[in-house]
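Trainee: Attaching a single structure in structure tokens format; questions to follow.
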């Protein structure tokens, strides 16, 4: 078991990651439904599902709308939690004890690995090692999702990391995903405390993530000054203003109407 693995409180509530499920079903439809070659055996792995396996089971239901035969594996460091979750297992849904060294068989390549709310307390300099370890289990072009959400799932941020052809190389930091359901209103800085671990303390002058938030805040103030005060309206109107200031901001209507913002910085999102 990796020395990076640490016990978490694991109090994940129902629905905490449903917005992330919706995003992945929309943006990664091909990844989730692909069945050619080794993809026919490729699994979804939910790392650190917590005290109860609600997020794993909810994701299984969402993803199987695209790929009914998808195998889903929930992984939990705590042996008792893994045993208790096995009550929900079936022929396509499995729960196993393990950490970042994933307990997968040779015939179980991963198409998607999700590790949410696991690295918030660890040292940020170790995050790249975790990313590299988890991405080794992915098929080429497979996706690693790592980040944080508040307890209710109202605010979420996540790295979207893509595995390249070399399993030993670090995954490409393809994008940063933001989501809000507006129950806490909207201002860009609402996301700062929920950034992935390796970015949270980098929101300071001279860092790319600080520059991004500065431009987002300026775009938000412009939108509000133009009369867009309601949180969903302000969010929607801020995105194209931000895109005009910062490269790589997606302005797809589906995303914005549902409270998602995706930033694909040129060359990848810098750590």
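Trainee: Within the stretch 152-187, which residues have the backbone N less than 19 Å from the label spot 7 Å out from residue 229 along Cα→beta-carbon, could you tell me?
Mentor: The answer is 182-187.
Trainee: Measure nothing but the geometry: give the 0 to 90° angle between the long axis through the Cα atoms of 208-225 and the longest principal axis through the Cα atoms of the chain, rounded to 10°.
Mentor: Its long axis makes an angle of about 50 degrees.
Trainee: Evaluate the distance, in nm, between pseudo-label points positioned 7 Å from the Cα of residue 13 and of residue 92 along their respective Cα→Cβ axes.
Mentor: Taking the two extended label points, one gets 2.9 nm.
Trainee: For the chain, calculate the relative contact order in percent as a whole number, restricting contacts to Cα pairs under 8 Å that are 6 or more residues apart.
Mentor: 14
Trainee: Let me ask another. How many angstrom lie between the C-alpha centres of the stretch 131-204 and the stretch 36-95?
Mentor: That distance is 20 Å.
Trainee: Could you tell me the largest-minus-smallest coordinate of the C-alpha atoms of the stretch 125-224 on each of the three principal axes, in descending order and whole angstroms?
Mentor: The Cα atoms of the stretch 125-224 stretch 46, 32, 22 Å along their principal axes.
Trainee: How many percent of DSSP beta bridges within the stretch 18-179 run antiparallel, rounded to 5?
Mentor: 45
Trainee: So how tilted is helix 54-63 from the main axis of the chain? Cα-based, degrees 0 to 90, rounded to 10.
Mentor: Taking the Cα atoms of the chain, the angle to 54-63 is about 80 degrees.
Trainee: Now, a different point. With just the Cα atoms of the stretch 18-179, tell me how far they stretch along each of the three principal axes, in Å, largest first.
Mentor: 37, 36, 29
Trainee: Just subtract the alpha-carbon distance of residue 36 and residue 80 from 0.36 nm times their residue separation and send over the number in nm, one decimal.
Mentor: 12.2 nm
Trainee: Also, quick follow-up: When DSSP assigns beta bridges and you keep just the ones with both residues in the stretch 98-183, what percent turn out antiparallel, to the nearest 5?
Mentor: In the stretch 98-183, DSSP labels about 70 percent of beta bridges as antiparallel.
Trainee: Further, regarding this structure: Which order do peptides 228-235, 86-93, 73-80 fall in by mean Cβ count within 10 Å, highest first?
Mentor: Packing order, densest peptide first, comes out as 73-80, 228-235, 86-93.
Trainee: May I ask you to order 142-154, 238-250 by the average number of other C-beta atoms within 10 Å around their residues, highest value first?
Mentor: By packing density, highest mean first, the sequence is 142-154, 238-250.
Trainee: Angle check, please: helix 18-27 long axis (alpha carbons) against the longest principal axis of the chain (alpha carbons), in degrees 0 to 90, nearest 10.
Mentor: 90
Trainee: Measuring from label point to label point, each 7 Å out along Cα→Cβ, what is the residue 222 to residue 202 span in nm?
Mentor: Taking the two extended label points, one gets 2.5 nm.
Trainee: Further question: Radius of gyration and Dmax for the stretch 206-256's Cα atoms, expressed in Å?
Mentor: Rg then Dmax for the stretch 206-256, in Å: 10.8, 33.
Trainee: Under the rule of -39500 (n - 2.57) per DSSP H run of 4 or more residues, summed and divided by the residues of the chain, what mean residue ellipticity at 222 nm is obtained, to the nearest 500 deg cm²/dmol? Walk me through the intermediate numbers first.
Mentor: Values: 9 runs with 83 residues, N = 271.
Helix contribution divided over all residues of the chain: -8500 deg cm²/dmol.
Trainee: Taking N as the number of residues in the chain, what value does Rg over Cα atoms divided by 2.2 N^0.38 Å take?
Mentor: 0.99
Trainee: How many nm is it between the label spots at residue 168 and residue 29, if each spot is 7 Å from the Cα in line with the beta carbon?
Mentor: Simple spin-label model gives 3.9 nm for this pair.
Trainee: Only bridges whose two residues both fall in the chain count here: according to DSSP, what percent of them are antiparallel, nearest 5?
Mentor: Working: 21 of 41 bridges.
Once the DSSP bridges in the chain are tallied, antiparallel ones form about 50 percent.
Throughout, read-outs are computed from the coordinates displayed, never taken from laboratory work. Keep in mind it's a predicted model, so treat the numbers as computed, not measured. In this analysis, Cβ positions are derived from the backbone assuming ideal geometry, glycine residues included, and neighbour counts consider all displayed protein chains.
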